[in-house]
Each structure stands twice: as C-alpha cells, then as structure tokens.
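Computed from the coordinates by the stated procedures, all read-outs in this text should not be read as laboratory data. Predicted model only: the values in this text are computed from it and were never measured. We place every Cβ from the backbone using ideal geometry, glycine too, and count neighbours over all the protein chains shown.
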Amino acid sequence: MTKTIKILTDSSVQLTPTEIEDNNITIIPLSVDIAGKNYIDGETITRAELLEQLKEGFIPKTSQPAIGTFVETFERLGADGSQVLAIMMTDVLSGTYETARTAAQIANADVTVINSKSTDRGQAFQVLAAAQDIKEGKSIPEIIEHCKDVHARTTVDVFVDDLQCLVAGGRVSRFAGAITKLINLKIIVRLSDTALDVYTKGRSRKTFIKHCKELAAEHVDNPIEAISLSNVGTDEALLQKVRSTILDDKIEGIPYVARLTSPVIMAHTGMNAIGVITLAEKPVEN
C-alpha cells in the first residue's frame, strides 16, 4: 500500500489561500524582527501590516524557525505513517533549508527535504507540481525530479526600487547603496542557484520596462506558461505595464498572480519592489 505524502513548505512561498486549502499544504512560518520585536509571518503580522512598517521607514531583519518547531511539525504530520515532503526556500536567502534538514534527521518521521533553490511563486510552482503528483500517486523520487524540472523552467527577477533593505541585509555594500541612492539608481537582481546577482541597472523605472522587453524576446521560442508579479506595494499601473510588456499579445489565458510578497521577502527587497517570476515551457538559462 502506497504511503500518503504530505507537503510542508515555508511562508516565503506565494500561494493563494485556495491553493493551500485545496492541496492540504502545511505552512511553517518564518519571522521578522522590527525595532527589536519579533513577528511571526501570518500569525502576529500580516503582509499588509509589514508593508505599513516599511512605509514608516522601519527596516526588518529576518529569522528562521527553530529546529524544535520543525521537529514538532514533522512528527505531527508523520504521526499517521505519512511521508513528509518539505519544499524549502533557497539557501541563498535563508538558512531555513539547512535547519529543516537537521530537523529531519532528528524527527521520528519519514521526512524528505528539498531545496527549491527558489522562493515566492517560483517555490510555489514546485509545491503545486508536487501536490498534483501526489494526487496522481507518484513517488517521492518522481516528485523530486518533477520539482527539478519546474525549477529549470523558472526565472526569478526582482526589480529593486530602493536598496536600503538589500544594504541592511548585507547583500549590497553600504558604499554601493549610498552611491545608488545618491543617483537614484534602480537595479534588477536575478536569483540563481548560488547567489542573488545584479543583472542590470539604470537611472529610472524605464530600466524595468526595458528588461521586460528583453524577457519577452527571450521567450519568443520558449513560451511562458505562468507569470507572477509579487510586489511590495507597487502601483497597479506599473504592474499592468510590466505584465503586458512581457506577455505582449499573449496575455489572455496565461495564469497570472499579483499579490503582496511575504514579510521575509519584503525584508530583503524593500518598498515598491516587483518579483517577476515566470514558468516557461522549456528550461531557461539563469
């Protein structure tokens, strides 16, 4: 008899409430520290509330769940003999994956931990693929291979409007941050398997639209199957401009999600950032 497989992921993932409920996904919350006080994502602070904190000038710091929290959750999910598949955010941005791996070795449960090498909707693409595989009766090894395939077809670009949070998090030097603020520089970073790389930069938001045109050109022979514009309070007009520029005349029928990103991602990117996350038909170069 095939064992039941249950999915666990962390709260950096960009899933709608319906997707979480329909696929019986367990979310382990990450947390942020603001002015010396710790807030738990989705429990003691909402995305909208953190956005207001950013507007007031607070720069959050991120923290990951304790090993004990993972162990307890793994054992609860596995208490009925189920296998647990934990799909975690990239280790480029957080130590959550390593913490989950350590907890899996301690827990009295059958746990497999995957480094999604992604986050937000990119991570969600893998979680949803895994959920569908489970419904089709596929095994853990088959699901892992599917997640790898989804990752290979995913691109995560972040349009950064304000570098303060990246500087505070040590991902951009303070000197570089001061210079870019002085000249109002905008940057686009791309998430790779090993780093958050500065992909391009420019003096205005036109840089973002230019990059969107380049993305559209890259996908002429590799169509986009789904797109997400996770954001940090970005105005709707810019979101629609980004979407229409990337998809061009193919905008109808392509799954689209535009929501506030999670508090832990907001803490990295700062106000007005846009995460442009695409899932293509075939593997892409990152």
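Summarise the long-distance tail of P(r) for region 1-160 by giving the % of C-alpha pairs beyond 26 Å. Walk me through the intermediate numbers first.
Details: 3323 of 12720 pairs.
Considering region 1-160, 26 percent of its Cα-Cα pairs are separated by more than 26 Å.
Can you give the helix-only mean residue ellipticity at 222 nm for the chain, where every DSSP H stretch with n ≥ 4 adds -39500 (n - 2.57) and the sum goes over all residues, rounded to the nearest 500 deg cm²/dmol? Walk me through the intermediate numbers first.
On the way: 11 runs with 113 residues, N = 286.
The per-residue figure over the chain is -11500 deg cm²/dmol.
Most mobile of Glu214, Glu49, Glu136 per a Gaussian network model of the chain (Cα springs, under 10 Å)?
Result for the chain, Cα springs under 10 Å: Glu136 fluctuates most.
So if I place +1 on the C-beta of Lys and Arg and -1 on the C-beta of Asp and Glu, and nothing else carries charge, what would the dipole magnitude of the chain be about its Cα centre? I want it in debye, nearest 20. Please report the intermediate quantities before stating the final value.
On the way: 30 positive and 38 negative charges, 212 e Å.
That gives a dipole near 1020 debye.
Please give the FRET efficiency for His146 paired with Lys206, using the beta carbon to beta carbon distance and R0 = 35 Å, rounded to the nearest 0.05. Please list the in-between numbers first.
Details: r = 38 Å, r/R0 = 1.09.
Efficiency for this residue pair is about 0.35.
Applying a 10 Å radius around every beta-carbon, put 266-277, 191-202, 104-115 in order of their mean neighbour count, most first. Can you show the working numbers first?
On the way: 266-277: 24.0, 191-202: 15.1, 104-115: 18.0.
Final packing ranking: 266-277, 104-115, 191-202.
Cβ under 12 Å from Ser11's Cβ, Ser11 left aside: what net charge do those residues give with Lys, Arg +1 and Asp, Glu -1?
Working: positive: Arg47; negative: Asp10, Asp41, Glu43, Asp120.
So the environment of Ser11 carries a net charge of -3.
Lysines near Lys117 by alpha-carbon distance under 23 Å, same-chain residues fewer than 8 away left out - which ones?
Answer for Lys117, where 23 Å is the Cα cut-off: Lys6, Lys61, Lys138, Lys148, Lys282, listed by chain and number.
Tally the DSSP beta bridges in the chain and give the antiparallel ones as a percent, rounded to 5. List each step's numbers first, then the result.
Working: 30 of 49 bridges.
If we restrict to bridges inside the chain, about 60 percent are antiparallel.
Where the convex hull is taken over the Cα atoms of region 94-156, what is its projected area averaged over directions, in nm²? Show your work: numbers first, answer last.
On the way: hull surface 18.4 nm².
The directionally averaged projection comes out at 4.6 nm².
Thr4's amide H: which non-local residues (gap 5+, or another chain) put their own amide H closer than 5 Å, with H modeled 1.01 Å from N in plane and none for Pro or chain starts?
Gln83
Taking the number of other C-beta atoms within 10 Å as the exposure measure, put Leu85, Leu128 in order starting with the fewest.
On the way: Leu85 25, Leu128 21.
Lowest count first: Leu128, Leu85.
Starting from the alpha-carbon convex hull of the chain, give the projected area averaged over all orientations, in nm².
Values: hull surface 59.6 nm².
Hull-based average projected area comes out at 14.9 nm².
What ranking do Arg259, Arg203, Arg243 get, fewest neighbouring Cβ atoms within 10 angstrom at the top? List each step's numbers first, then the result.
Values: Arg259 15, Arg203 11, Arg243 18.
Ordered from fewest to most neighbouring Cβ atoms within 10 Å, Arg259, Arg203, Arg243 come out as Arg203, Arg259, Arg243.
When we measure straight from the Cα of Lys210, which lysines land under 19 angstrom away, once same-chain ones fewer than 8 places off are left out?
Lys186, Lys201, Lys241, Lys250
Would you mind giving the three semi-axes, in whole Å and largest first, of the ellipsoid equivalent to region 3-87 according to its Cα gyration tensor? Don't skip to the end; give the middle numbers.
Values: eigenvalues 165, 46, 12 Å².
In descending order, the three semi-axes are 29, 15, 8 Å.
Taking 7 Å along the Cα-to-C-beta vector as the label spot, tell me the Lys3-Glu56 distance in nanometres, rounded to one decimal.
4.6 nm
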